[in-house]
Amino acid sequence: MTEQTDKRRAPRAACDLAVEYEVRGARTQQGRITNIGTHGTLLTTQGPIPPVGADVLLRFHLPLSHRPVQTLGKVKWVTSGNAGMEFLHLGRQEKD
């Protein structure tokens, strides 16, 4: 287990979900969610990575759900092509 994993408040599940993301004032970008949990996700993209601390609007579909998820996340860390995101406003239905 890495130091990053130890800091998580909840486990994450591996996945591969399409996501649209945008930082206020910037163009909508495309990426992938490669792991997800009730408190956050890993955003992987070929596009620009938002800076640490940025609030990012995320839009994606969860498996087995017909409703799209639109939520605000905060960038907690970045590496080349990846951003660790903390969900700021994830509804109860999406958490379940």
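The values are calculated or read from the model by the stated rules, or taken from the named source; none is laboratory data. Here the structure is a predicted model, which is why all the values come from computation and not from measurement. Cβ placement follows ideal geometry from the backbone for every residue including glycine, while neighbour counts extend to all protein chains displayed. We work out accessible area using only protein heavy atoms, side chains counted, and drop any ligands, DNA or RNA first. Shrake-Rupley method; radii C 1.70, N 1.55, O 1.52, S 1.80 Å.
Quick rundown of the values:
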{"read-out": "Cross-chain or 6+ apart pairs with Cβ under 6 Å, region 28-48 first and closer than 14 Å to W77 by Cβ, then hydroxyl-bearing (S, T, Y) and open to solvent by 10 Å² or more (accessible area, probe 1.4 Å)", "value": "L42/T34; T44/T34"}
{"read-out": "Residue satisfying condition, being loosely packed, with under 14 Cβ neighbours inside 10 Å, within 13 Å of the chain's Cα centre (by Cα) and polar (S, T, N, Q), within set Q30, Q46", "value": "Q30"}
{"read-out": "Hits in region 49-82 - residues which are surrounded by 14 or more Cβ atoms within 10 Å (Cβ to Cβ), assigned to a strand (DSSP E or B) and among the β-branched types (V, I, T)", "value": "V56, V69, T71, V75, V78"}
